[in-house]
Amino acid sequence: MNIYVYMQGQRRGPYEKAQLEEMWKVGQIPTDTLYWHEGMAQWAVISDLFANTKMAPPLPMDVGNADSMTFPAAS
């Protein structure tokens, strides 16, 4: 299943659910990120997709370097 996410003002993807779940577990995806896949009527909050998956505690963010954050390229 191809899943798209919307975070930091950009749509990214498609990703496989397993790929996003790994990113979620290590805290690479903010809890307010939106996701969508074919068959959904609208975008939903990604925390709903992984409601039963433990997430790593958030890392402190250096606000001055927020623009330099990178995410894995879509496969």
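Report, by residue number, each residue of segment 1-27 that is of a type in the set (D, E, K, R) and either free of Cβ contacts under 8 Å to residues at least 40 places away in the same chain or in contact with a helix residue (DSSP H, G or I) (Cβ under 7 Å, 6 or more places away or on another chain) (or both).
Step one: filter segment 1-27 for residues of a type in the set (D, E, K, R), giving 11-12, 16-17, 21-22, 25.
If the condition is that a residue be of a type in the set (D, E, K, R) and either free of Cβ contacts under 8 Å to residues at least 40 places away in the same chain or in contact with a helix residue (DSSP H, G or I) (Cβ under 7 Å, 6 or more places away or on another chain) (or both), then Arg11, Lys17, Glu21, Glu22, Lys25 are the ones that fit.
Hey, can you tell me all the residues within segment 16-63 that are modelled with pLDDT under 60 and in a helix (DSSP H, G or I)? Scanning segment 16-63 gives a single hit, Val63.
The values are calculated or read from the model by the stated rules, or taken from the named source; none is laboratory data. Just so you know, these numbers come straight off a predicted model, no measurement behind them. Neighbour counts run over all protein chains shown; Cβ positions are idealised from the backbone, glycine included.
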